[in-house]
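Undergrad: Quick one: structure below, then a few questions.
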């Protein structure tokens with residue numbers, strides 16, 4: 001389990017650092033974009049309707065915080081934004097794949 005978590009964080013760090021972003025943008029990618037994209041992804045997989053709605057709402061809330069005049073992404077061009085979102089999606093999907101091997105084993 002520790003190796004999986006370490007692998008995940010090292011991979012995330014490598015992917016985000018490869019973008020060569022300013023610190024405040026890199027921080028927003030790690031702390032806001034990736035979690036928001038992950039919640040958006042799993043919201044579609046929730047079994048109960050109320051859980052799907054709750055996760056979608058939280059995801060939207062998190063991702064909306066990256067828009068507007070105070071966004072850390074202000075000043076970036078469309079190409080940079082597309083690359084950041086692509087890497088964010090890859091990282092969110094990576095978490096899904098690395099954690100799937102332990103799903104269903106809770107409490108055992």
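Undergrad: Return the residues of segment 23-54 that are farther than 18 Å from residue 91 by Cβ and either surrounded by 11 or more Cβ atoms within 10 Å (Cβ to Cβ) or under 10 Å from the mean Cα position of the chain (by Cα) (or both); say none if nothing qualifies.
TA: If the condition is that a residue be farther than 18 Å from residue 91 by Cβ and either surrounded by 11 or more Cβ atoms within 10 Å (Cβ to Cβ) or under 10 Å from the mean Cα position of the chain (by Cα) (or both), then 46, 51, 52, 53, 54 are the ones that fit.
Undergrad: I would also like to ask the following. Pairs please, first residue from segment 3-31 and free of Cβ contacts under 8 Å to residues at least 40 places away in the same chain, second anywhere and part of a helix (DSSP H, G or I) and surrounded by fewer than 13 Cβ atoms within 10 Å (Cβ to Cβ), Cβ atoms under 9 Å, 6+ apart in sequence or on different chains.
TA: Pairs that qualify, where the first residue is free of Cβ contacts under 8 Å to residues at least 40 places away in the same chain and the partner is part of a helix (DSSP H, G or I) and surrounded by fewer than 13 Cβ atoms within 10 Å (Cβ to Cβ), are 26/17.
Since every read-out is calculated from the coordinates, none of them should be taken as a lab result. Computed from a predicted structure; not experimentally measured. Don't worry about glycine lacking a Cβ; one is built from the backbone with ideal geometry, like all the others, and counts go over all protein chains shown.
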